[in-house]
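The block underneath contains the structure these notes are about, expressed in structure tokens.
Please treat every number below as a calculation from the coordinates, not as lab data. Everything numeric here is computed off the predicted structure, so don't read it as measured data. All Cβ positions, even for glycine, are placed from backbone atoms using ideal geometry, and neighbour counts span all protein chains on display.
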Amino acid sequence: MIVDAHTHVVVEGHYPEAWWAGLADLFARHFQALGRDVSPASVRENILPRFFDPEGERLLQSMDEAGIDVSVLLPLDYGLALGDPADSLADQCRWLGALQEKYPKRLVAFTTVDPRRQGATEFVRRSVEEWGLRGLKLHPGAGFYPNSRESYRVMEVAAECKLAVVVHTGQIVYPLKSKFCDPIYLDDILVDFPELKVQAAHLGFGWRDGLNQMGATKPNLFTDFAGWQRMATGGGESFIRALRDALDHFGPPRVFFGTDGPYLRALMKNLDFIRLVKNLPAQSPHGIGFSEDEIRWVLGDAAANFLGLLDVG
Ligand SMILES: [Zn+2]
């Protein structure tokens, strides 16, 4: 079983305009570094719409192409940082719930809310009871610490509703702020909510050494390596070393494959990312060894276990 434990379906109205502007700028600078004169305005108009997926069809198609059985869909609430998007958070989460209902064996949808929003705890409850959402995603890059008083209130509801929790960790692109995304701020939650299962996203990127040590010491901490495609291209020694380190510290049942799609598919196809991971035991690249068993956990069994996927359909 292959599980993408961290992905996104992109709908234009789900993100603030400032997010699209920042992303267009990032893409344009990337093209310019490759010697191509592409303006942010042209990226916004011609390239970003290729990722828009208002029916979820592009997501399902890419899952089929790559052999991904189940994807975990994570919404994002950047509204307090960047301005509210066209579609309200409630509309987004209701839409995700409907999409999950349409593909019950393929999709697991989470809710999200900036804990500083009024009614944040009620929103999480409503997400579970009304829309059937099955986990909580927090993105502290919007400007809050995951161990703040407001976050704790939301965590209490997550624990009560037995929701899996995913928190973004690691440095984050402009215009969001990285300092809130240091995995050390999860430590309070891991201790104060021992029953809560928390997935620190992206191996904490530049904070991965600290995250690994936390993984070795806190049994309710999990991680995913979504977004590591950039380090995995062209041989990928830094990615392979990072995956080995994560497995050594967390143990295979707590490390998940993820794509953070769809943007990174342009850099590395999901199929190629999966193939790279699948071939690790046979190839031992750079002299770094992996067992078949470890890779089976990483590609799906660990996330399936975390999510209680046996309940799906
Ligand atoms: Zn993500």
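Computed quantities for the displayed model
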read-out	value
Mean Cα-pair separation over length for segment 105-250, i.e. relative contact order, pairs under 8 Å, 6 or more apart, %	18 percent
Alpha-carbon gyration tensor eigenvalues x 5, square-rooted, for segment 42-126, Å	24, 20, 10
Centre separation in Å (Cα based) which lies between segment 77-145 and segment 238-284	27 Å
Within segment 37-117, chymotrypsin sites (Phe, Trp or Tyr not before Pro) in DSSP loop having at most 15 other beta-carbon neighbours inside 10 Å	PHE52
Extension reserve of the VAL173-ASN279 stretch, reckoned as 0.36 nm per residue once the Cα distance is removed	35.1 nm
Segment 208-313: radius of gyration and largest Cα-Cα distance (Dmax), Å	13.5, 41
Pairs from LYS177/LYS197; LYS102/LYS278; LYS105/LYS177; LYS197/LYS269; LYS102/LYS179 whose Cα-Cα separation, in the structure shown, is over 28 Å	LYS102/LYS278; LYS105/LYS177; LYS197/LYS269; LYS102/LYS179
Local electrostatic count at GLU237 - Lys and Arg +1, Asp and Glu -1, tallied over other residues with Cβ under 15 Å	+3
Normalised per residue, the volume of the convex hull around the Cα set of segment 157-241 (Å³)	99 Å³
Spacing of the two label points (7 Å from each Cα toward its C-beta) at ILE184 and SER238, in nm	2.2 nm
At most 15 other Cβ within 10 Å, DSSP loop - GluC sites (Glu not before Pro), segment 116-216	GLU130, GLU195
Cα gyration tensor shape for the chain, rounded if a/c is under 1.5, else prolate or oblate	rounded
Solution diffusion estimate, µm²/s, Stokes-Einstein, segment 110-219, Kirkwood Rh from C-alpha pairs, 10 °C, viscosity 1.306 mPa s	114 µm²/s
Under-5 Å amide H pairs with THR112, H placed in peptide plane, nonlocal only	LYS137
Long-range HN-HN contacts of HIS6 with modeled amide H, under 5 Å	VAL72, THR259, ASP260
Rg to Rh quotient for segment 255-313, alpha carbon positions, Kirkwood Rh	1.03
Rounded, prolate or oblate (a/c below 1.5 giving rounded, otherwise prolate when a/b exceeds b/c) for segment 30-185 by Cα gyration tensor	oblate
